[in-house]
Amino acid sequence: MGKSLEVIATPALANLYNLEGKNVVVIDVLRATTTICTALYNGATSIKPVISTDLALEHNNKEYLLAAERGGEKVPGFQFGNSPREFSANAVKGKKIVLTTTNGTKCIHLSHDGKRVMAGSFVNLTALANYLISLPEDAVLFCAGWKDKFNLEDFLFAGAMVSALKPHFEMDCDAAEAAMDLYHAQNTNLNNYI
């Protein structure tokens, strides 16, 4: 039997999945995971996701830049919110960042039983798919949604990943099939659909 691939459509369903020993891709494409990818691409040395603003503030020293978002807005008193545009090379190169967000960092913490936890976004889709294909473990694509509710953009990205991974994984997951079907139906006009 080959590697399996599953999709968690919303954090409210996370308790129904066993993540232990699996590679987990957290997906929050409009903010958290695209922000993480952008910051690392632009030279940040690390991103430390934390679950709360209080935990983020514990890192308020010269060693870390602080980033926090709640309800789509930058939290007052923090250097950054959660928009990829804020994380330019000039701002983050050579820096460590502590990040807390409404949805994405929550899902990262819910994934603690995973063997590896990765950030999935359209900006790293190909590299991430190739990496997952090279690993021997099962994979779970974990959509962050919005405040535990389903959202289209994360599910759409999950479908793009499923499409890329399907030849290399076994699927017995209706959510994975549905995500791939949605992606195939909308992939010629993703921006307008999102």
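Mind checking whether some residue in the stretch 50-67 is open to solvent by 30 Å² or more (accessible area, probe 1.4 Å), within 19 Å of the chain's Cα centre (by Cα) and closer than 27 Å to Lys115 by Cβ? Yes: one or more hits.
Taking the stretch 167-194 only, how many residues are under 22 Å from Leu16 (Cβ atoms) and either at pLDDT below 95 or out of contact with any helix residue (DSSP H, G or I) (no Cβ under 6 Å at 6 or more places or on another chain) (or both)?
Here the count works out to 10.
Under the condition of being at pLDDT 95 or above and open to solvent by 20 Å² or more (accessible area, probe 1.4 Å), the residues counted in the stretch 2-13 number 5. Cβ separations smaller than 7 Å between residues 6+ apart or across chains give the following pairs from the stretch 7-35 residues that are closer than 15 Å to Asp148 by Cα to residues that are open to solvent by 20 Å² or more (accessible area, probe 1.4 Å) and of a type in the set (Lys, Arg): Thr10/Lys149; Pro11/Lys106. Residue count for the stretch 52-96 satisfying the condition of being under 20 Å from Val29 (Cα atoms) and aromatic (Phe, Trp, Tyr): 2. Residue pairs whose Cβ atoms lie under 7 Å apart, sitting 6 or more positions apart in sequence or on different chains, and linking a residue in the stretch 161-186 that is assigned to a loop (DSSP other than H, G, I, E, B) to a partner that is among the acidic types (Asp, Glu), are Cys173/Glu6.
Annotation note: Cβ proximity below 8 Å between a residue of the stretch 80-96 that is open to solvent by 50 Å² or more (accessible area, probe 1.4 Å) and a residue that is of a type in the set (S, T, N, Q) and not in a loop (DSSP other than H, G, I, E, B) (sequence gap 6+ or interchain) occurs for Glu86/Thr35; Lys96/Ser46.
Are any of the residues in the stretch 41-60 closer than 30 Å to Phe169 by Cα, outside any strand (DSSP E or B) and at pLDDT 95 or above? Checking the stretch 41-60: at least one residue is closer than 30 Å to Phe169 by Cα, outside any strand (DSSP E or B) and at pLDDT 95 or above.
The values are calculated or read from the model by the stated rules, or taken from the named source; none is laboratory data. As the structure is a prediction and not an experimental result, all values here were calculated from the model. All Cβ positions, even for glycine, are placed from backbone atoms using ideal geometry, and neighbour counts span all protein chains on display. For accessibility, only protein heavy atoms count, side chains too; no ligands or nucleic acids. Shrake-Rupley method; radii C 1.70, N 1.55, O 1.52, S 1.80 Å.
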